[in-house]
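Student: One structure follows; several queries about it will come next.
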Amino acid sequence: MPTLTDDSEMPFGKYKGKKMEDVPADYIMYMYDKIRPIALNKMYISQRMFVKYVEDNKDVLEKEIKEMKNGNNKNHRP
């Protein structure tokens with residue numbers, strides 16, 4: 001199965017076509033929470049790739065959200 005990287009395009013939603021590294025972490029986590037409950041065998045491949053990307057980068061995404069709430073908007077994904 002293909003995978004998403006920070007340079008990959010967001011496959012769906014409000015930020016479709018933007019590089020993953022340019023999509024706000026809070027939006028990524030919001031979409032993850034919406035998609036994750038879908039049964040794996042009922043997900044589109046783009047949804048599976050997205051879930052894998054989030055699970056692989058969850059620590060960094062959560063850190064970005066925390067820092068954003070503290071007033072630091074710096075993006076930490078390379």
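Student: Go through the stretch 34-65 residue by residue and tally those that are part of a loop (DSSP other than H, G, I, E, B) and among the charged types (D, E, K, R). Lay out the reasoning, then the answer.
Tutor: We begin by selecting, within the stretch 34-65, every residue part of a loop (DSSP other than H, G, I, E, B); these are 36-39, 43-44.
Filter once more, keeping what is among the charged types (D, E, K, R): 36.
Matching residues across the stretch 34-65 total 1.
Student: Still on this structure: Within the group 21, 64, which residue is of a type in the set (Asp, Glu) and crowded, with 17+ Cβ neighbours inside 10 Å?
Tutor: Numbers: 21 fails: crowded, with 17+ Cβ neighbours inside 10 Å.
Answer to the selection: 64.
Let's see how each residue does on (1) of a type outside the set (D, E, K, R); (2) in contact with a Lys or Arg (Cβ under 6 Å, 6 or more places away or on another chain); (3) open to solvent by 40 Å² or more (accessible area, probe 1.4 Å):
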site: 6; (1), (2), (3): no, yes, no
site: 30; (1), (2), (3): yes, no, yes
site: 42; (1), (2), (3): no, no, yes
site: 49; (1), (2), (3): yes, no, no
site: 68; (1), (2), (3): yes, no, yes
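Student: When residues of the stretch 32-58 are filtered for being under 15 Å from residue 4 (Cα atoms) and not hydroxyl-bearing (Ser, Thr, Tyr), how many remain?
Tutor: Residues in the stretch 32-58 being under 15 Å from residue 4 (Cα atoms) and not hydroxyl-bearing (Ser, Thr, Tyr): 12 in total.
Student: Taking residue 27 as the residue in question, decide whether it is closer than 16 Å to residue 65 by Cβ, of a type outside the set (Val, Ile, Thr) and in a loop (DSSP other than H, G, I, E, B). Talk me through it step by step, then tell me what you get.
Tutor: Working: closer than 16 Å to residue 65 by Cβ: yes; of a type outside the set (Val, Ile, Thr): yes; in a loop (DSSP other than H, G, I, E, B): no.
Spelling it out, it is not the case that residue 27 is closer than 16 Å to residue 65 by Cβ, of a type outside the set (Val, Ile, Thr) and in a loop (DSSP other than H, G, I, E, B).
Student: Any chance you could count how many residues in the stretch 8-18 are open to solvent by 40 Å² or more (accessible area, probe 1.4 Å) and in contact with a Lys or Arg (Cβ under 8 Å, 6 or more places away or on another chain)?
Tutor: Qualifying residue count, the stretch 8-18: 1.
Residue-by-condition table, conditions (1) at pLDDT below 95; (2) touching a His at 6+ places or on another chain (Cβ under 8 Å); (3) under 23 Å from residue 72 (Cβ atoms):
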{"site": "1", "(1), (2), (3)": "yes, no, no"}
{"site": "4", "(1), (2), (3)": "no, no, no"}
{"site": "8", "(1), (2), (3)": "no, no, no"}
{"site": "13", "(1), (2), (3)": "no, no, no"}
{"site": "19", "(1), (2), (3)": "no, no, yes"}
{"site": "35", "(1), (2), (3)": "no, no, no"}
{"site": "48", "(1), (2), (3)": "no, no, no"}
{"site": "52", "(1), (2), (3)": "no, no, no"}
{"site": "61", "(1), (2), (3)": "no, no, yes"}
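Student: Sticking with this structure for a sec: Taking the condition of being in contact (Cβ under 8 Å) with a residue 24 or more places away in the chain and either basic (Lys, Arg) or part of a loop (DSSP other than H, G, I, E, B) (or both), how many residues in the stretch 11-23 meet it?
Tutor: Qualifying residue count, the stretch 11-23: 2.
The values are calculated or read from the model by the stated rules, or taken from the named source; none is laboratory data. Just so it is clear, the structure is predicted and the values come from calculations on it, not from any experiment. FYI the Cβ positions are ideal-geometry reconstructions off the backbone, even for glycines, and counts take in every protein chain you see. In case anyone asks, the SASA skips ligands and DNA or RNA and just uses the protein heavy atoms, side chains included. Shrake-Rupley method; radii C 1.70, N 1.55, O 1.52, S 1.80 Å.
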